[in-house]
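For reference, the structure is listed below as structure tokens.
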Amino acid sequence: MATDQADRDRFIGAMRRVAASVTVVTTDGQAGRYGATVSAFSSVSADPPTVLVCLHGQSRIAQAVQDNGRFCVNVLPEGSTDIADRFAGRHDARVSDRFSGVDCYGLPGTPPQIDGAIVFQATVQQTLLSGSHLIVIGRVGAVLGGDSRPLTYHDGAYHRVVPDAAHAPH
């Protein structure tokens, strides 16, 4: 019998098996400076360069990204598990500022760019509330970095990208 909604636990279990780059979305401006680790990040279009991120709709960063009108997607490099954990809120009980001790660059009032990350600077073009999350679509104004392999997340743990030897460039 077909239903119009998958079982929640089955859906979550299947999504855990989908590997994803680990990204930290940052914003700064009149609404304040915020950052959060997110699992939903994707390109939308190359013409014009556009990306999307999904943020919990009730989070402070979702409101701040909308109010500030801009954000950065920082694709973390291998070895950045502490930064990923920090922006996922795992250190919030002992660290009041998620940016404290994290090497970032950029002008004050602009979304922080995490050193070593592949950075997509974006301006909010559209938002859409879907279920518990806010989908934010942004026009990419600049891409920085890009020399490192990304940190990935799969089945509840961080991983490294390892090329398949049979298909590696020669």
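Going through segment 21-34 one residue at a time, which ones are open to solvent by 30 Å² or more (accessible area, probe 1.4 Å) and either out of contact with any helix residue (DSSP H, G or I) (no Cβ under 6 Å at 6 or more places or on another chain) or part of a helix (DSSP H, G or I) (or both)? Selection gives S21, Q30, R33. Among the residues of segment 145-170, those identified as in contact with a strand residue (DSSP E or B) (Cβ under 9 Å, 6 or more places away or on another chain), more than 23 Å from R10 (Cα to Cα) and either open to solvent by 60 Å² or more (accessible area, probe 1.4 Å) or not in a strand (DSSP E or B) (or both) are G145, G146, D147, S148, R149, R160, V161. Going through R98, R70 one at a time, which residue ends up being in contact with an Asp or Glu (Cβ under 9 Å, 6 or more places away or on another chain) and either open to solvent by less than 70 Å² (accessible area, probe 1.4 Å) or closer than 22 Å to R149 by Cβ (or both)? On inspection, the qualifying residue turns out to be R98. Once segment 35-65 is narrowed to residues that are of a type outside the set (S, T, N, Q), open to solvent by 40 Å² or more (accessible area, probe 1.4 Å) and touching a residue at least 60 places away in the same chain (Cβ under 8 Å), the residue that is farthest from V143 (Cα to Cα) is H56.
For segment 72-125, what are the residues that are under 22 Å from A19 (Cα atoms), within 14 Å of the chain's Cα centre (by Cα) and in a loop (DSSP other than H, G, I, E, B)? L76, S80, A88, G89, A117 - these are the residues of segment 72-125 that are under 22 Å from A19 (Cα atoms), within 14 Å of the chain's Cα centre (by Cα) and in a loop (DSSP other than H, G, I, E, B).
Here L76 meets the list (1) over 19 Å from R160 (Cβ atoms); (2) in contact with a strand residue (DSSP E or B) (Cβ under 9 Å, 6 or more places away or on another chain) almost entirely, failing just condition (1).
The values are calculated or read from the model by the stated rules, or taken from the named source; none is laboratory data. Computed from a predicted model, the values in this text were never measured in an experiment. Note that each Cβ is placed from the backbone with ideal geometry, even for glycine, and that neighbours are counted across all protein chains shown. Keep in mind that these areas ignore ligands, DNA and RNA; they rest on the heavy atoms of the full protein, side chains included. Shrake-Rupley method; radii C 1.70, N 1.55, O 1.52, S 1.80 Å.
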